[in-house]
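Some notes on the structure that comes next.
Nothing in this text is a laboratory measurement; each read-out follows from the coordinates by a stated rule. These numbers were taken from a predicted model, which means no experiment stands behind them. Quick reminder, even Gly has a Cβ in these numbers, built from the backbone with ideal geometry, and neighbours come from all protein chains shown.
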Amino acid sequence: MGRFLTDSTGLTVTGYIPRLAEGVPHNEDGVGGMHLYMPWWLDNKALDFPRGYHIEISGGRRAPSYGILGGIERVNGAGGYGKQLKDDYRKYYGSTVSFAGRGEMVPNDDSYCEIDPVVVDKYGIPVLRFHFKFTEHERLQAKHMQETFREIIHEMGGTPLTPMPAAEEGYGLATGGRIIHEVGTTRMGDDPRTSVVSGHCQAHDVKNVFIADGGPFVSNADKNVTWTILALSMRTSEYIVQARNQRLL
């Protein structure tokens, strides 16, 4: 219980693409917040890390939001004020492209949660205490993301807006929990000694307890977890109905 907590790996690199500058103003209000999606494409046998990641590609000229083009000095090289700055906003708006990587974390013994021995909530109930640590697997995956995204930007004739993070910075890998795809801690399995719930998300030790969230995941591929949680919840619900009808519960 509480072991093998995981979250998706993630980081983003944005680049300025000169060919996209001075675009013709047009309305993209209906585009929404979607992005292009590129699935994992390589064979890990030729790489120095396991698992993989997908790429979410975004950009465009949809309706500006608060803070848009903040740090414009990274694009025009000077910043600015007044009319010139407004003209530059119009010139450079829509000229950046972002590449976000989302990858799979390998479960490890240093990422888990436990009952806090000291801290309680306002009702006096002990809270959870979390421990989280990425390993070299995830850091090397992040390095591969950074190098790949920057190479794509350069091939497009562009310039990344941020320098390459160092190894000491985890190559820019987002902090655990930042991507909010946390799963695990009540993993599924057939052996009660190494898992908390069965293949039907039924607790090994308490037969009328079912866990129908992200807890039973033994790992998390480079995908959002919501649809899998919903699918497992439906499967678990169907099993509960079947077990009740057979008077097993």
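Quick notes on this structure:
- Sequence of 113, 201 once ranked by neighbouring C-beta atoms within 10 Å, starting from the fewest: 113, 201
- Residue separation of residue 84 and residue 122 scaled by 0.36 nm, minus their Cα-Cα distance, works out to 8.3 nm of gained length.
- Extension gain, residue 226-residue 242: 0.36 nm per intervening residue step, less the Cα-Cα distance, totals 3.3 nm.
- In terms of surrounding Cβ atoms within a 10 Å radius of their Cβ, 207, 122, 83 rank from fewest to most as 122, 83, 207.
- Rounded FRET efficiency, nearest 0.05, which uses the C-beta distance separating residue 166 from residue 62 and R0 of 41 Å: 0.75
- Here, the chain has an Rg and a Dmax of 23.0, 76 Å when only alpha carbons are counted.
- Shape summary of the range 186-245, radius of gyration then Dmax from alpha carbon positions: 11.4, 37 Å.
- In terms of surrounding Cβ atoms within a 10 Å radius of their Cβ, 239, 16 rank from fewest to most as 239, 16.
- Among 62, 139, 193, the largest mean-square fluctuation in a Gaussian network model of the chain, built with springs joining Cα atoms closer than 10 Å, belongs to 193.
- In the chain, helical runs assigned H by DSSP with n ≥ 4 each contribute -39500 (n - 2.57); averaged across all residues and rounded to the nearest 500, the mean residue ellipticity at 222 nm is -7000 deg cm²/dmol.
- Long-range amide H partners of residue 218 with built H, under 5 Å: 188
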